[in-house]
Amino acid sequence: MDLLSASLLVAVFATSYVSGVLSLAGGTILIAIFAWILPVPVTMMLHGVTQTASNGSRAIIYWQHLRWDIMGRYMAGAAVCLAVFAWLTFVPDKTLLFFLLGIMPFVNFLVPKGYALDIVRPSNSYVCGFINSATQLTAGVSGPLLDIFFVRTSLTRFEIHATKGLTQTLGHIMKIIYFAVILGFYEDAFDQLPAWLYIAVIPVAYLGNLAARQVVRKMSDSFFKGLTQYFAMGMGVIFLIKAFSLLLENP
């Protein structure tokens, strides 16, 4: 195993553990690591495989708490989004990727006072499916944005882990299909990295989430929701700094 592959696997485990505790941030940190050293299309595909396993494992672990009523509406919005992007065939650059990663945690400040986004509301579920999927296909992740629909809801932390886990899993599968099949970057993925790595990240991501389960059980719902919100904003500041540094390097 070469140093690059080993480093990527360590990053996958560590960030999956973070996601397993907070139900966000791990995937955001991971795509930033990938994007630092890999081309954007390859980053999107490797990250898509990793996060499909990471988020999918959370959905499996907390399966009995999954809210299927929310998922049906979410998937309808996501399907419309994929159709739009398939028509546009858009590929983001690294500056845009980091900029979107940075602003996502602060979108909630744009929401009018007295109105909180809530994934439980039917209209919000459809909107979330479209916006979350669009963000997945441009920034590669959508955790901080998706969290806005979950942080002020009546759902328990277990329902949040299960439902967010499945929404994110579907988003990453969509991302793989978009970049590998619709845009045709399939061969680029294996030119840059060995094929076995795309398989190895799956159990590593699952183990990271499994290791975090005991921590989640010891947290309260209020502490869990508050921690995710502030952690997301801290990460947003870091990624905005990176975006502006890239813009200065390549004006």
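Quick note: the coordinates plus some simple rules give every number you see, no bench work behind them. Here the structure is a predicted model, which means the values were calculated and not measured. Note: ideal-geometry Cβ built from the backbone for every residue, glycine included; neighbour counts use all protein chains shown.
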- Query: Which distance in nm do the two modelled labels at L210 and W36 give, with both placed 7 Å along the Cα-to-Cβ direction?
  - Reply: 2.8
- FRET efficiency for I60 and R121, using Cβ-Cβ distance with R0 set to 30 Å, rounded to 0.05: 0.70
- Message: When a/c reaches 1.5 or more, the comparison of a/b and b/c decides; with that in mind, is region 38-101 rounded, prolate or oblate per its Cα gyration tensor?
- Response: oblate
- Query: Which percent of Cα-Cα pairs in the chain sits in each 10 Å bin, short to long?
  - Reply: 8, 33, 39, 17, 2, 0
- Query: Tell me, what HN-Hα J-couplings in whole Hz come from the Karplus equation 6.51 cos²θ - 1.76 cosθ + 1.60 at θ = phi - 60° for each residue of region 154-159, using x for Gly and Pro?
  - Reply: 7, 5, 7, 4, 6, 5
- Net charge over other residues, Cβ less than 15 angstrom from the Cβ of S133 (K, R count +1; D, E count -1): +3
- Tell me, what is the Rg over Rh of region 124-163, with Rh the Kirkwood radius over Cα pairs? 0.98
- Task: Measure off 7 Å from each Cα along the Cα-to-Cβ vector at I182 and W87, then give the distance between these two points in nanometres to one decimal.
- Result: 1.1
- Please give the peptides 237-244, 49-56 ranked by average Cβ packing (other Cβ atoms within 10 Å per residue), highest first, as a rough proxy for protection. 49-56, 237-244
- Item | Rounded to whole Hz, the Karplus (6.51, -1.76, 1.60) HN-Hα couplings of region 126-134, x for glycine and proline | 5, 4, 4, x, 6, 5, 4, 5, 4
- Going by C-beta contacts inside 10 Å, put M71, M233, M45 in order with the fewest on the left. M233, M71, M45
- Per residue of region 60-68, in order, report the coupling 6.51 cos²θ - 1.76 cosθ + 1.60 (Karplus, θ = phi - 60°) as ³J(HN,Hα) in whole Hz, putting x for Gly and Pro. 6, 4, 10, 3, 5, 9, 5, 9, 5
- Give me the distance in nm between label points sitting 7 Å out from Cα along the Cα-to-Cβ direction at A76 and T156, one decimal. 2.8
